[in-house]
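First the structure, in the form of structure tokens, and then the observations on it.
None of the figures in this text is laboratory data; all of them are computed from the coordinates on show. The shown structure was predicted, so the numbers you read here are calculated from the model rather than taken from an experiment. Every residue, glycine among them, receives a Cβ derived from its backbone with ideal geometry; neighbour counts consider all protein chains shown.
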Amino acid sequence: MSIDTPQVRTRRGSELFLLACGLGIGAMAYAIIGFALDDSIPAEFFTFIATMSVLGLLLHAVIRKAAPFADPLIMPIAFALNNVGLAMIFRISRAMDSDLATKQLGWTAVSIVACAVVVFFVKDHRILRRYTYVTMLSALVLAMLPLVPFLGREINGAQIWIHIGPFSLQPAEFSKILLAVFFAGYLVENRDRLALAGPKIAGIQLPRMRDFGPIILVWVTSIVILVMQRDLGTSLLIFGLFVAMLYIATERISWIVIGFLMFSVGVVAALSQFTHVQSRFDAWLHALDNEVFNAEFGGSGQLVRGMYGMASGGLFGTGLGEGRPTIVPFSYSDFIFASLGEELGLTGIFAILLLYVLFVQRGFRVALGTRDGFGKLLASGLAFVIAWQMFVVIGGVTRVIPLTGLTTPFMAYGGSSLLANWVIVAILLRISDNARRPSPLPLRGATGSEDDGTRRRSAVINDANVQAVDPHDQPEQNTEHFQWMNQLDNAGTQVIQRRDVISAQEAPATTDAQPVAPGGESGRPTTAPTPHAAPSFPSARSAQSQGSPRTSPDLPAVPQPEQDHTPPRYSRREDSE
Amino acid sequence: MNKPIRRVSVIALLLFLSLFASSTWIQYVKAPELNSDSRNVRSLYREFGTNRGAIIVGGEEIASTIPSDDAFNYQRTYADGPLYAGITGFYSVIYGRTGVELAANEYLNGSSDALAWSRLENLITGVDPQGSAIELTINPEAQKAAWDALGDQRGAAVAIDPSTGAILAMVSKPAFDPNDMASHSSADVRATYQALLNDDGNPLINRAIAGDTYPPGSVFKLVTAAAALEDGYTEDSQVDAPNTYRLPGTQTDLPNFGGASCTPGETMPLSDALKISCNTAFAILGNDLGQEKILAQAQEFGFGDSIQVPLSVTPSRYPENENDAQTALSAIGQQDVRVTPLQVAMVSAAIANEGTLMKPYLIDQVRNPDLSVYSTTKPDAYGDPISEETARQLTDMMTSVVADGTGKAAQISGIDVAGKTGTAETGGEASAHAWFTAFAPADNPQIAVAVVVENGGSAGSEATGGAVAAPIARQIMEAVITK
């Protein structure tokens, strides 16, 4: 049977265009800074343009080759943010007579190359599932690494750095990715047990005690980080990520409640035990008090100076190179947001925040668009972790929450942070490519084949079941589906799933019999008689009701969520059959 | 899983919304408050990072701004720091501003509304904004003469052009060097400031206008005499002048200076009483006139008023609600009468200007950064404290003080000088303050001066106004008149 690969726009052209825009923004920023500081184009300008152009084009080329259907916005946004951050660091390093900008340019090169390498060599994100428990172990080890004698170093009261030779690393930045991989792998396997089993008290479905194990482990980890490394930020980051992914996997509010209760217990205990945590809260609540402001240790001096800087920027900022961001300690890393606020004004940081919003929303779109549960969990976890990190760090700088020590993704100075976040970009690119890539497999025909017929159709179903059918009614069936899907995702890696495959293949027949009203859950109007919904694919119909037309792996995905309303080009061809 | 993913994406959006809100709160809503916070060094940087306008005296910049390599970009320097310290004041990163640096700040730093157009031009043309220059009324020769004449003595000297009110000289000693206060090293500035604060000479105070006010002693007799002349006395009126005067209601006898007799008889003409500065005669005159009239006369000369030149001048004080004994003592400038040297100079200036007191001022012109004149101060009458006739008679009386009385040391050859000495008891152990106020030439006054030398200066307890202060006044007047 011949296969016409459907025409799905790769949108690589858009990506290239946006990439050029991001480069242009960075170049302009460099030039403006040069003119503001010494009335000429800075000597570093051409190095910067050349390096960033090469890096951007390299990554773009790799994406064209290895992930042609990847989301066209994610990479250019990260690139633009990276450029603006570099320009700001360049401006600050000029004022401080340091070589931070050159180093950061080097880290950018390393990070973007790393991103390209991941995109190129990790052909399918589901490969990562094989390493679910390895990633957990390495995440925990990494998180604990700064506590190792001779390796860890305490900087500014928090022991979050490790030193290897001339390099210092913040391992927590990498553990957030590893943990996201682990959570995704773990939760996709256990979501039903976590969601459905257990007593129901006061209308809230409580989990079973034995399912608490991994949660307790994560909780203990974050508390240990909080207590031993005095790092409220990382602790908050890890726990927030876990709770969010737990909720996405189980849809149980009880997990969020339990999670935050447990974390609050830890924080309250830390508050009563450790003065550094107390002073963080003091500095947050009473930032402008003279006593707190002038405190030698743990006062609000840095926080308030950052606020002074932002206030002096006002609506339109002092202009790049015209402010005095260096008054604030760590104006190039933890407080780069305050530096940006000072020189670019409220307008500028709104634009920057909007870029992050866009990045994060694209991340969630990738999660919605992808087919497998692992990919969904991983993409949404990574998207959320960026949002959550922004909230923790910027919220700290702008006094929404107590100040913790985290870096602003893509912008703050620091190799670990940059590298980690570019790896997140790589993973999101990979997942989005898989989500949008038209299936190379036959659209139909090989119905008897376990490989592409039944299996793929049934894969479509599982979301439908979870969403549309009250899981309470058919817990067992659902569980089977999930287990079956797990098996699909990493077929051959887990022996026990052989059995599940068989039961799963039978299961769809029963569940599919319950068609769900179109647009029932999502409210998307596109769902009902979609082109996919050929009569011979009852499962597809129920999948459509989920508002995710891309969940059918045997059919090419609709390229972009925005295009949901437009019937894909290949649909007619199928209909005519 | 799509439903919870969407929900979490909404939560992420809400997280970002909180960041939009908090940024707006800081950069817009709370920005004015944060910008004016006293701990916010950025306001200082903004202030000190401007190309501040110069302060000009006689065509020379006495305070100017030069580029610097530090964080502020500009450094304030003072060409003849101590000489003009009382006028310019200081301009410190830590301790703020004083003097003209404070009073004319919005012109100097270019933030005045008047400079809005110029700022807009700068914005468009990309030129660094620059403040306006302030040209003072100070006559550099008079200022230098006052500075040199006071020497190392503590005290102050003020000179006014009686016909306009323009301040020609204003010296306070001991002085300080504002260059030390303008340093950008906070450690240096703190040390300098502490040393100046601890100096018992109080060098940071401008004694001419804003020190602790002084008892005027006999120079106040001009006010008493003016009140008497306005009340119908003439310079020839006979006034009682006993050797001692028992203050009403007390057992205290007021003697004349040095216990001398004013006159061989019982009475003497008012003009003679002023010429030799007879205490008993003016004490009795004061009681005869009554407190009300002297108070009213003093107020017309400016006592009790807050004057801005535009530096703030401490109001001089003539006490109210006194008994007769106190009134008698106040009439000769003792008791609770307190004056600034500027106030004393204003009394002389009003007499010199035929009874019309001109408003004293220090800023002649404000010049735009391109040196074009933005504004020129127009002389303005403060009031008419005495009639022309009273002024003429007082001028005659004061001329005889210098020609033939206690103020001979102020004589200038070929020119009639009108003056009045004062030797103000300070109470307690300290020596009296030596005062002299004068104007010259008597027939066509160009300058009115007031000089005070604290505790008699280097002459100590031997000092009198005539011996210590009059020569200083003479030198200041010579600097202006003979040029």
Cross-link table B:LYS144/B:LYS275; B:LYS221/B:LYS293; A:LYS103/A:LYS176; A:LYS123/A:LYS176; B:LYS221/B:LYS359; B:LYS173/B:LYS275, entries beyond 18 Å C-alpha to C-alpha: B:LYS144/B:LYS275; A:LYS103/A:LYS176; A:LYS123/A:LYS176; B:LYS221/B:LYS359; B:LYS173/B:LYS275
Highest average packing first - A:371-381, A:278-288, Cβ atoms within 10 Å: A:371-381, A:278-288
Chain B: angle of helix B:291-301 to the longest principal axis, Cα-based, in degrees nearest 10: 50
Equivalent ellipsoid, the stretch B:162-319 (semi-axes from 5 times Cα gyration tensor eigenvalues, Å): 42, 19, 14
Extension gain (nm, one decimal) between A:LEU288 and A:ASP38, 0.36 nm per residue minus Cα-Cα: 86.4 nm
Between helix B:186-198 and chain B: long-axis angle, C-alpha atoms, 0 to 90°, nearest 10: 20
Peptides ranked, highest mean first, by Cβ atoms within 10 Å: ranges B:344-351, B:474-481, A:84-91: B:344-351, A:84-91, B:474-481
Rel. contact order, % - alpha carbon contacts under 8 angstrom, at least six apart, chain B: 16
10 Å Cβ neighbours from other chains, averaged over peptide A:306-319: 5
Angle in degrees between helix B:279-289 and the longest Cα principal axis of chain B, rounded to the nearest 10: 80
At most 12 other Cβ within 10 Å, DSSP loop - GluC sites (Glu not before Pro), the stretch B:234-313: B:GLU266
Mean separation of Cα contacts under 8 Å (6+ apart) over length of the stretch B:310-410, as relative contact order %: 22
Of the GluC sites (Glu not before Pro) in the stretch B:345-434, those whose Cβ has at most 13 other Cβ within 10 Å and which sit in DSSP loop: B:GLU429
Positive-end residue, chain B charge dipole about Cα centroid, Cβ charges, pick of B:TRP147, B:GLN335, B:GLY81: B:GLY81
Coordinate range along principal axes, alpha carbons of the stretch A:214-360, Å, largest first: 51, 39, 21
Helical contribution to [θ] at 222 nm, DSSP H n ≥ 4, -39,500 (n - 2.57), averaged over chain B, rounded to 500: -11000 deg cm²/dmol
The stretch A:282-323: GluC sites (Glu not before Pro) falling in loop per DSSP and having at most 16 other Cβ within 10 Å: A:GLU296, A:GLU322
Viscosity 0.890 mPa s, 25 °C: Kirkwood-radius Stokes-Einstein D of chain B over Cα pairs, µm²/s: 101
